[in-house]
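The values are calculated or read from the model by the stated rules, or taken from the named source; none is laboratory data. These numbers were taken from a predicted model, which means no experiment stands behind them. Every residue, glycine as well, gets a Cβ built from its backbone with ideal geometry; the counts of neighbours run over all protein chains shown. Note: accessible area is taken over every heavy atom of the protein model, side chains too, but ligands, DNA and RNA are not part of it. Shrake-Rupley method; radii C 1.70, N 1.55, O 1.52, S 1.80 Å.
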Number of protein chains: 2
Amino acid sequence: MPHIQLDLSGTEPFIRPEEWKAIAPQVEAAAQLLEQRCGLGADFLGWLDLPVRLDSAELQRIEAAAQRIRSQSEVLVVIGIGGSYLGAQAALEFCRPTLRGKPSGGALEVFFAGTHLSGLYLKQLIRAIGGRDFSVNIISKSGTTLEPALAFRFFRRLLEERYGLAGARERIYATTDRSRGALRALAERQGYEAFVIPDDVGGRFSVLTAVGLLPLAAAGIPLDALLGGAAKAYQRYRDGNVLQNDTLRYAAARNLLYRKGKAIEVLVSYEPRLFYLAEWWKQLYGESEGKDGKGLFPASAQFTTDLHSLGQYLQDGRRHLFETVLDIETPEDGALTVPATEDDLDGLNYLAGKTLHYINRQALQGTMEAHIEGQVPNLRLILPEASPQVLGQLFYFFEKACAVSGYLLGVNPFDQPGVEAYKKNMLRLLKQP
Amino acid sequence: MPHIQLDLSGTEPFIRPEEWKAIAPQVEAAAQLLEQRCGLGADFLGWLDLPVRLDSAELQRIEAAAQRIRSQSEVLVVIGIGGSYLGAQAALEFCRPTLRGKPSGGALEVFFAGTHLSGLYLKQLIRAIGGRDFSVNIISKSGTTLEPALAFRFFRRLLEERYGLAGARERIYATTDRSRGALRALAERQGYEAFVIPDDVGGRFSVLTAVGLLPLAAAGIPLDALLGGAAKAYQRYRDGNVLQNDTLRYAAARNLLYRKGKAIEVLVSYEPRLFYLAEWWKQLYGESEGKDGKGLFPASAQFTTDLHSLGQYLQDGRRHLFETVLDIETPEDGALTVPATEDDLDGLNYLAGKTLHYINRQALQGTMEAHIEGQVPNLRLILPEASPQVLGQLFYFFEKACAVSGYLLGVNPFDQPGVEAYKKNMLRLLKQP
C-alpha cells in the first residue's frame, strides 16, 4: 500500500536543527496528552481510533442504504453545513472528480444544500433536479441549525408532494445524534432511516463516521479503501518519535514557523480535485486553533491558477506566510499529451508528447524553489496517487496532526466557543420567540 | 441609477477621527499622483478613463462577433489565465448566476480553459463539449504564456479536425496585443478575428476591454449597462475630497488598519454569485500591493458557509484581520419563502413566509455585529442590486481604490515583478531550448 509522506526540506533554510531539538519535548508532551486522553477536550477523541473500531453492523447498514438510494434515485441531495458536508464534498471531488459536478456514465449525481442562505441557489437546485427521482440525506446533530433545517423544509415538502408521506419517508435518511435533538425526534416520529453522529466526534473530525460515509457510499466510493487507508495511517502515526512521525513533524514545523512570526498557512494544490479538501482542511485547522487570540490563519490556493493572481504577493509581499503543498505523484491514466503544431509560433513544440501532469509537476518544483528563495518556507505532502486509500490516510494525517498542533499551541482543539456569537445576534434579529 | 455605497461605521471602534485627519493629506497626495498621471507605473493608466473613452467601432465589432459566436455555437471556450479570465468569469457569475455553470433556456454555455495545468480537467471539458458546436476565444497578450498556449493547442486541433482549417478560423477569436507577440502573428497568418488588449491596461485592470467584453457579450450580458455603470463610477469618484469619495475612503481605511497591524483583509460575500468576484479582487489587490515585503494578504470567505468553518477563527483567533463585506440589498425576483411544517420540530415556524434573502441579511447584520465585538473591523460595501450596471460601478470602484491604495502604501500598483520567478525555474526544469 503506497503511503503519503511529508517532505520538510523546504523548511530547512528557515528552521535550524537546534530549534527542532528545543521543541521536541513539547511536541512529545502534546502527543502524550492526546494518546493518554488527558488533554483539553478529551471527551471528543472518538475520531482517534475510529478507523480500527468501526461498528461493522452500522457500516453494513450504511452500504445497504447507499444501495437503496442508488436504486431509488438518480440524484442525492446532501443537506448539512460545516463539518456535516465538507468531508463528504472533499472526498467526493477527490475520488470522483467531475466537471461541474456531473458524473459520467449515469452515476448518482450528488448536490449539497443547506450550506448557506442563498434562495437563488435553492431555486436553481430544485430546477436542476427537475423530474428526476431524488433522495435526501439530512445531516445535523441538533436538527435546528438554521441553514440545513431551512433547506430540509423545502426538500421534505418537495418529496412529500411528489411521493406522498409514505414515499417521502423512504427517501429521507437522517444522520444525527444517537438519542437527542429535533432531527432524532423527527426521524423517529416519521420512521426515517437514521444514522448516528457519535457523541465523542466533533463535526470537523466526522468524515469517517456516517456523516461522510453514507453520501460517499451512495456515490459509489469504496468505503473499504477509504477506511483501510485511515487504518493504515492510524498504525503508522502511533510512533511517539518526533523525527519519525509525520503528524508530529507537521505539527512541530507549523508551530515553529508560527512562533517566529508566520501568521498564515497557505494550503496549495495543483489539481481542481483538491479544492474542497482545502476547504475541509481550513475548517479543521481554523476551528481547532483559531481561539484565545491565537492561531495561523488557514488560507488555500489553487496553482497554477493563483500564481497568476496571488503569485506576486506570495513571491514578494509581506513575509508572514508559509505554504503546505499537496503533490500528487502519479498521473492520471490515459493522460493527454501536448500536440505539436506546424508553425510552432508559441515556441512550445519542445513540449510536444509530454503529459500535462509532467509539466504541472515541473511547475510545482519550480514554484517551490522560487518561493523558498522568496523567503516562504515550503512544506510538501506527497500523495503517491489520487485514490480513496490515500485520501483515508490524508484525512487521518491531518486530523491527528491538528490535535497535536492545537495542544502545542496551548488551546483546546476540540471546542468552538466563537461560533455562537453571530448565531445569537442573528436569532435576536430574526426575533426568534 | 442606484449606486454602490461604502459604509465604514464598522471601523469606528478601531479608527479615531484624528487618524482620518492625519492620513487625509497622504490620501490626497496619492489620488493626485493618479489623476495627474505622475506616479509609479503611470504608463499603465489606460483603465482610468476607459469607461468614457471607449472605441465605439471596437465595441460594435465585439457585439457583432458575439452575435456570430451565438449563431455558430452552443459552447464558447474562453482560454486565458489571471487577468485574462478572472474579470469575465466574475462578471458572468454575477450577472448570470448558474448552478454548476449550466445556463437556462438554451443560452450559450461558457467554459474557461488554460487556467491551470490539469490534464484531467481538459479531458473532462472536451468530453463535456461532446458533439456540440463550439467557438474559442483565446486571450493572451504574448501568446506564449504556458497554460493558455497549451490549452489553445488542444482546442485549435479539435476545431481543425472537426471543421477543417477554414472552418476553424471562423470559430477562433483572438484577444491580444495590437501588433506584437506570437498570438498576434498567428491571428494574422490564419486570419482569426482579433481584438486588442491596450498597451496601457494591465491584465488585472482589463475587464472592461475586449478581454472581458467579448465573452460577456457572447453570453448575452448587456455591455451598455455594464459600461454605463463604470462610466457613472468614473464621474462619481473624481471628487478629490477624502471624506466624500468612497474610493479614497476605502483606500484610506484599509491603509489605516494595515498600519496598526492588520495583516489580512477578508472579502466576505453571502451569495455564491460573488465567488469569482472575490477571486478577481484577490488578484487586483494582491498583485498590485503585494511587493517589496508589503501589503495586506487578500483572502475571501463565503458566508454563511464559512461561518461554520472559518467562523471560529474570525470571531476569536489571532486579531490580525479585518473584513470587507459585500451586501446585496435587493432580493431576487420570485424569491422562495420558508414553508411552515405541522410538527415544527425544528422550531422554525416563526420564519414561515419569510424569504431566504431576508434571513440571509439578518445573518449578515448579526455577523457584522459579532465580529466587530470580536475586534474585527468591518467595512461594508452596499450593492443596491445584482445588476450589470452595479457591477460596472463595482469594478471601477475597486480598480480606482486599488491604485490609490497602492500609492498610499508606497509601491508601484501596476507592475508584478515577482510573477516571473517561478516561470523562470519552471522553464529551466522543462528544458526550454
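Numbers below:
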{"read-out": "Selected residue [part of a helix (DSSP H, G or I), touching a residue at least 60 places away in the same chain (Cβ under 8 Å) and within 30 Å of A:Leu120 (Cβ to Cβ)] from B:Leu256, B:Leu284, B:Leu248", "value": "B:Leu284"}
{"read-out": "Members of the stretch A:342-354 that are open to solvent by 60 Å² or more (accessible area, probe 1.4 Å) and either more than 9 Å from chain B (Cβ to nearest Cβ) or of a type in the set (S, T, N, Q) (or both)", "value": "A:Glu342"}
{"read-out": "Yes/no for A:Leu383 being among the hydrophobic types (A, V, I, L, M, F, W, C) and either in contact with a Phe, Trp or Tyr (Cβ under 9 Å, 6 or more places away or on another chain) or within 12 Å of another protein chain (Cβ to nearest Cβ) (or both)", "value": "no"}
{"read-out": "The stretch B:123-139, subset open to solvent by 10 Å² or more (accessible area, probe 1.4 Å) and not charged (D, E, K, R), residue nearest to B:Ser73 (Cα to Cα)", "value": "B:Gly131"}
{"read-out": "Pick from the stretch A:92-115, criterion more than 21 Å from A:Arg68 (Cα to Cα) and among the hydroxyl-bearing types (Ser, Thr, Tyr), ranking: modelled with the lowest pLDDT", "value": "A:Thr98"}
{"read-out": "Count of the stretch B:258-267 residues which are away from chain A (no Cβ under 11 Å) and surrounded by 21 or more Cβ atoms within 10 Å (Cβ to Cβ)", "value": "2"}
{"read-out": "Test for B:Ser118: is it free of Cβ contacts under 8 Å to residues at least 12 places away in the same chain and more than 14 Å from chain A (Cβ to nearest Cβ)", "value": "no"}
{"read-out": "Residue satisfying all of: in the stretch A:155-166; open to solvent by 10 Å² or more (accessible area, probe 1.4 Å) and within 18 Å of B:Val338 (Cβ to Cβ); farthest from the chain's Cα centre (by Cα) among these", "value": "A:Glu161"}
{"read-out": "Residue that is nearest to the other protein chains (Cβ to nearest Cβ), among those in the stretch B:243-252 that are out of contact with any strand residue (DSSP E or B) (no Cβ under 6 Å at 6 or more places or on another chain) and crowded, with 22+ Cβ neighbours inside 10 Å", "value": "B:Ala251"}
{"read-out": "Of all residues making up the stretch A:283-298, the number that are crowded, with 24+ Cβ neighbours inside 10 Å, within 7 Å of chain B (Cβ to nearest Cβ) and charged (D, E, K, R)", "value": "2"}
{"read-out": "Yes/no for B:Tyr270 being more than 8 Å from chain A (Cβ to nearest Cβ) and at pLDDT 95 or above", "value": "no"}
{"read-out": "In the stretch A:299-316, residue nearest to B:Gly290 (Cα to Cα) [restricted to those that are open to solvent by less than 10 Å² (accessible area, probe 1.4 Å) and not small (Gly, Ala, Ser)]", "value": "A:Tyr313"}
{"read-out": "Count - residues of the stretch A:389-411 that are over 15 Å from the mean Cα position of the chain (by Cα) and more than 14 Å from A:Tyr285 (Cβ to Cβ)", "value": "1"}
{"read-out": "Members of the stretch B:327-341 found to be open to solvent by 30 Å² or more (accessible area, probe 1.4 Å) and β-branched (Val, Ile, Thr), listed by number", "value": "B:Thr330, B:Thr337"}
{"read-out": "Count of residues meeting criterion [facing chain A (nearest Cβ under 7 Å) and either aliphatic (A, V, I, L, M) or assigned to a helix (DSSP H, G or I) (or both)] in the stretch B:327-341", "value": "3"}
{"read-out": "Residues satisfying the stated conditions in the stretch B:355-376, i.e. more than 8 Å from chain A (Cβ to nearest Cβ) and open to solvent by 50 Å² or more (accessible area, probe 1.4 Å)", "value": "B:Tyr358, B:Arg361, B:Gln375"}
{"read-out": "Scope the stretch B:140-154; condition open to solvent by less than 30 Å² (accessible area, probe 1.4 Å) and under 26 Å from the mean Cα position of the chain (by Cα); matching residues", "value": "B:Ser140, B:Gly143, B:Leu146, B:Glu147, B:Pro148, B:Ala149, B:Leu150, B:Ala151, B:Phe152"}
{"read-out": "Test: residue in the stretch A:232-242 that is open to solvent by 10 Å² or more (accessible area, probe 1.4 Å), within 14 Å of chain B (Cβ to nearest Cβ) and among the basic types (Lys, Arg)", "value": "no"}
{"read-out": "B:Ser387 vs. criteria touching a helix residue (DSSP H, G or I) at 6+ places or on another chain (Cβ under 8 Å), in contact (Cβ under 8 Å) with a residue 60 or more places away in the chain, crowded, with 17+ Cβ neighbours inside 10 Å and of a type in the set (S, T, N, Q)", "value": "yes"}
{"read-out": "Close pairs (9 angstrom Cβ cut-off, 6 or more residues apart or separate chains): over 11 Å from B:Glu287 (Cα atoms) and more than 7 Å from chain B (Cβ to nearest Cβ) in the stretch A:304-324, surrounded by 24 or more Cβ atoms within 10 Å (Cβ to Cβ) and basic (Lys, Arg) anywhere", "value": "A:Phe322/A:Arg254; A:Thr324/A:Arg254"}
{"read-out": "Counted residues, the stretch B:30-48 - those being under 18 Å from B:Thr247 (Cα atoms) and without any contact (Cβ under 8 Å) to a residue 60 or more places away in the chain", "value": "2"}
{"read-out": "Number of positions in the stretch B:57-116 that are of a type in the set (S, T, N, Q), open to solvent by less than 40 Å² (accessible area, probe 1.4 Å) and over 19 Å from the mean Cα position of the chain (by Cα)", "value": "2"}
{"read-out": "Any hit, the stretch B:317-326, residues being open to solvent by 10 Å² or more (accessible area, probe 1.4 Å) and not in a loop (DSSP other than H, G, I, E, B)", "value": "no"}
{"read-out": "Residue satisfying all of: in the stretch A:129-162; within 7 Å of another protein chain (Cβ to nearest Cβ) and at pLDDT below 95; farthest from B:Ala335 (Cα to Cα) among these", "value": "A:Gly143"}
{"read-out": "Hits in the stretch B:73-108 - residues which are facing chain A (nearest Cβ under 10 Å) and farther than 22 Å from B:Ser206 by Cα", "value": "B:Thr98, B:Leu99, B:Arg100, B:Gly101, B:Lys102, B:Ser104"}
{"read-out": "A:Tyr270 vs. criteria touching a residue at least 60 places away in the same chain (Cβ under 8 Å), in contact with a Phe, Trp or Tyr (Cβ under 8 Å, 6 or more places away or on another chain) and open to solvent by 20 Å² or more (accessible area, probe 1.4 Å)", "value": "no"}
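Quick grid of which residues meet (1) touching a residue at least 40 places away in the same chain (Cβ under 8 Å); (2) buried (at least 21 other Cβ atoms within 10 Å of the Cβ); (3) in contact with a Gly (Cβ under 8 Å, 6 or more places away or on another chain); (4) within 13 Å of chain B (Cβ to nearest Cβ):
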{"position": "A:Thr176", "(1), (2), (3), (4)": "no, yes, yes, yes"}
{"position": "A:Ser179", "(1), (2), (3), (4)": "no, no, no, no"}
{"position": "A:Leu186", "(1), (2), (3), (4)": "yes, yes, yes, yes"}
{"position": "A:Gln190", "(1), (2), (3), (4)": "no, no, no, yes"}
{"position": "A:Glu193", "(1), (2), (3), (4)": "yes, no, no, no"}
{"position": "A:Asp200", "(1), (2), (3), (4)": "yes, no, yes, no"}
{"position": "A:Gly212", "(1), (2), (3), (4)": "yes, yes, yes, no"}
{"position": "A:Leu216", "(1), (2), (3), (4)": "yes, yes, no, no"}
